[in-house]
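Notes for the one structure printed next.
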Amino acid sequence: MRDLLDFAGWSKPDAEDLFATADVMAEVLRRPVKRVPALQGFTVCTAFFENSTRTRTSFELAARRMSADVVSFAAGTSSLAKGESLRDTVETLVAMGVDLIVVRHSASGAAHLVRRFAGVPVINGGDGARAHPTQALLDAYTLRAHWGELSGKRVVILGDVLHSRVARSNLELLPLLGAKVVLCGPANLLPQSLSGPNLEVSPDLDSALDGADAVMALRVQRERLEGGLGVSLPEYAARYQLNRSRLDRAGPRALLLHPGPMNRDVEISSDLAGDPRSCVLEQVHAGLAIRMAVLYHLLVGKKERAA
Amino acid sequence: MPRTAITGLRREAGGSPHTLYLEGPTILGWDLDLEVSATWDGRGGLALPAFTDPHVHLRDPGQPHKETLRSGLAAAAAGGYGTVVSMPNTLPATDQPEAVLSLRVRADALGLCRLIPAAALTLGQEGRVLSDASLLAEAGAALLTDDGRTNEDGGLLRYGLQAAKAAGLLVAVHAEDASLRRGGVMHEGQVSERLGLPGNPAAAETARIARDLEICALTGARLHLQHLSAARSVELVRAAKRAGLPVTCEVTPHHLTLTDTSLLQLDAVYKVAPPLRTEADRQALLAGLRDGTIDCLASDHAPHSPAEKEQDLLAAPFGIANLELVFPLLYSELVLKGAASLEQLTGWLTSGPRKVLGLPECTLEAGQPADLVVMDLASERPVDPERLRTQAKLGPWNGRQLRGWPALTLYQGRVVHG
């Protein structure tokens, strides 16, 4: 693995290798002193051309837990605002000597573009509606912690699937690990022609939830609902908001995931706050371990184990 | 006037060598055994009438970082073209007779390739006020079009067609319904949904073609549909032609050779309007060319600077620059792979577009203009962006091994390439 842009070319053992490293990292995170020297001397750059406080914080904390130096580049306050091209920005960062770039950008494909000009490993921290691979890895890692194995499990991804990079990365990764993915949401927020093995698209939430082992509620942007595409906030809440009675349909052992930040009472109702089935905080924790593992694999290599 | 000769020319692939005699800008004839002041060696290449392109963007005046008259016409000459029609989306838009005349005079002074400018159908290509069709015709405009600024006002297009008909001009349309296209940057389908890129459905083109064919029937005016991209579009035109409508259409080299799966590389060199569609669409376009539904090839040469095409897929502009590669690309991808004959390909580049534009057919017989290209069908080399005359160096075929490069281009009896 030279970069992590998406899951093209991935197989199940690739993910399992990464999860094994993440297990080691999770153990580090449980220590009283949560820091190892694994990446000492390396400099990780978070280049966020689109705002995201939590993803950036998670990557930066992951890098610091392994003693890497961290620099962050925020487009809003930088040369991009002065008209500098993405290429010139990336080449400048690399000339400063950074060893790895985590990129977040509003355009699908921008991470590939950065990789073309970078010459150092690139992690896609989310590009447009295309991919957010570390999110899918941490989702799978969270589910794996509960189930051991994803084979044969049914995972519903609910909400604005069409505009969601989280959904796209999950529908690449989870079937690779043997799980079946059901995409559910309002007709105009679902892909119209997507198909694939272990993939089902359904606009009907109740039937999607029957027999579901986990439900991942996606963040729904109010702007999308107010964009005139035929689903209002009240209609969305009435038909697709995940609440306790709907989650009960999936069963008492079903798991609830959300990539955050949550819009309470939009895609998820307040009565699910504190529900024992919610894995939201476990996901945040898994995110640190997964991002440490990815940084380690890209900068040091998977052969040598950390700590 | 100086007499010149080109030796070692073949008049058909595999034929015996002949010598063509020229006097100034005119062909004198074959194998005449005359005294000449200069001789060129055709090296056994295939002599063809220089090509005609009904659709190029030269970006002049106004966008010299993308292309200029000089770089664009040099690219045309290098591609074997003797006549090109430039689109009016210049800065300012080519919507005045003086602007048309100015382009013609400047191109004549360069002496690289004949330029027949298209003029805007509406002032500023803004779709509000019609330009002066009869004055633009008098100034020598090839046709009227708002090209990429799609004709959203159907009523205005109707009156534009009627005025153009009275002026003896053709109207060309970029048939895409802007409301269906929305923000689409590639073909809407499996690939766009996998990539999370905004899609442009084939219906954006077909719905607009259906409307425009009705307006064509209403007015009886000559309508030319630019760059078809979808299978259903070919069906619509086929039916309209069968019904006797005065409609013609074109297709580009990229829609004949690439599909939306190219976008999996996430490279904006593949971002073009209308978008690259599916393999089924590509096959239907080929079939439409072969059965005459599609009248001709058009490059839609759309140069942008490398920095512009290096942007992300949302920010980068639409367009592929290909003027120098049309023949080698299609010779390699269609003729050598058995999808078309050499005669078909040259027809789509010569008599096809000339008929659409109402220009006299060109041959290599006595009395004809000495505009010709000599093709070295055996020459094979990779596309080297540094050798291209266009300023738009980033394209889908850089590094691709292609066969059949123009060895020599003559325009008005003078060597302009080779």
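For this structure, a couple of remarks:
- Within the set B:Gly367, B:Gly319, the sole residue that is over 21 Å from the mean Cα position of the chain (by Cα) and part of a loop (DSSP other than H, G, I, E, B) turns out to be B:Gly367.
- All told, A:Asn188 meets the bar of being closer than 20 Å to A:Glu235 by Cα and more than 12 Å from chain B (Cβ to nearest Cβ).
- Any hit, the range A:151-158, residues being buried (at least 19 other Cβ atoms within 10 Å of the Cβ), under 30 Å from A:Leu242 (Cβ atoms), touching a Gly at 6+ places or on another chain (Cβ under 7 Å) and in contact (Cβ under 8 Å) with a residue 12 or more places away in the chain: yes
- Test result for A:Gly211, surrounded by fewer than 23 Cβ atoms within 10 Å (Cβ to Cβ), closer than 27 Å to A:Arg253 by Cβ and at pLDDT 95 or above: no
- Checked against (1) in contact (Cβ under 8 Å) with a residue 40 or more places away in the chain; (2) crowded, with 24+ Cβ neighbours inside 10 Å; (3) not β-branched (Val, Ile, Thr), B:Ser86 passes all but a single condition, namely (1).
- Test result for A:Phe19, among the aromatic types (Phe, Trp, Tyr) and touching a strand residue (DSSP E or B) at 6+ places or on another chain (Cβ under 9 Å): no
- Just so you know, in the range A:1-16 the residues that are touching a helix residue (DSSP H, G or I) at 6+ places or on another chain (Cβ under 8 Å) and in a helix (DSSP H, G or I) include one that is surrounded by the most Cβ atoms within 10 Å (Cβ to Cβ), and it is A:Ala15.
- Whichever residue in the range B:266-281 is assigned to a loop (DSSP other than H, G, I, E, B) and more than 14 Å from chain A (Cβ to nearest Cβ) and, among such residues, is surrounded by the fewest Cβ atoms within 10 Å (Cβ to Cβ): B:Ala273
- Complete set of residues in the range B:178-205 that are more than 8 Å from chain A (Cβ to nearest Cβ), of a type in the set (Gly, Ala, Ser) and either more than 24 Å from the chain's Cα centre (by Cα) or surrounded by 23 or more Cβ atoms within 10 Å (Cβ to Cβ) (or both): B:Ser179, B:Gly183, B:Ser192, B:Gly199, B:Ala204
- Tally, over the range A:209-224, of residues that are part of a strand (DSSP E or B) and either under 15 Å from A:Asp160 (Cα atoms) or of a type in the set (Val, Ile, Thr) (or both): 3
- Screening A:Val33 with (1) within 14 Å of chain B (Cβ to nearest Cβ); (2) part of a loop (DSSP other than H, G, I, E, B) gives one miss only, at (1).
- Residues located in the range B:111-120, provided they are part of a loop (DSSP other than H, G, I, E, B) and either among the charged types (D, E, K, R) or closer than 15 Å to B:Ala139 by Cβ (or both): B:Ala118, B:Ala120
- The residues in the range A:87-115 that are surrounded by fewer than 16 Cβ atoms within 10 Å (Cβ to Cβ) and either at the interface with chain B (Cβ under 9 Å from one of its Cβ atoms) or not aliphatic (A, V, I, L, M) (or both) can be counted, and the count is 4.
- Only listed residue being within 14 Å of chain B (Cβ to nearest Cβ), assigned to a loop (DSSP other than H, G, I, E, B) and within 16 Å of A:Thr134 (Cβ to Cβ), chosen from A:Glu50, A:Glu84: A:Glu50
- Residue in the range A:188-196 that is closer than 26 Å to A:Glu16 by Cα, in contact (Cβ under 8 Å) with a residue 12 or more places away in the chain and among the hydrophobic types (A, V, I, L, M, F, W, C) present: no
- If only residues of the range A:191-208 that are touching a Leu at 6+ places or on another chain (Cβ under 8 Å) and within 14 Å of chain B (Cβ to nearest Cβ) are counted, the one that is nearest to A:Leu162 (Cα to Cα) is A:Pro191.
- Scoring A:Ala307 on the criteria (1) at pLDDT below 95; (2) under 21 Å from A:Arg144 (Cα atoms) leaves a single failure, condition (2).
- Scanning the range B:282-317 for residues that are within 18 Å of B:Asp60 (Cβ to Cβ) and within 14 Å of chain A (Cβ to nearest Cβ) yields B:His304, B:Ser305, B:Glu308, B:Pro317.
- Scanning the range B:143-172 for residues that are in a loop (DSSP other than H, G, I, E, B) and touching a Leu at 6+ places or on another chain (Cβ under 6 Å) gives B:Leu143, B:Asn151, B:Leu169, B:Leu170.
- When every residue of the range B:33-47 is checked against the conditions, at least one turns out to be within 24 Å of the chain's Cα centre (by Cα) and of a type in the set (A, V, I, L, M, F, W, C).
- Entirely in the range A:108-208, the helices (runs of 4 or more DSSP H) that have 2 or more residues that are in contact with a Lys or Arg (Cβ under 7 Å, 6 or more places away or on another chain): A:133-147, A:165-176
- Count of residues meeting criterion [touching a Cys at 6+ places or on another chain (Cβ under 7 Å) and of a type in the set (A, V, I, L, M)] in the range B:294-314: 1
- Candidates A:Leu158, A:Leu171, A:Leu176 - the one that is touching a Cys at 6+ places or on another chain (Cβ under 8 Å), of a type in the set (A, V, I, L, M, F, W, C), within 24 Å of A:Leu5 (Cα to Cα) and at pLDDT 95 or above: A:Leu158
The values are calculated or read from the model by the stated rules, or taken from the named source; none is laboratory data. Quick caveat, the model's predicted, so the values are computed rather than measured. Please note: Cβ atoms are built from the backbone with ideal geometry, for glycine as well, and neighbour counts cover all protein chains shown.
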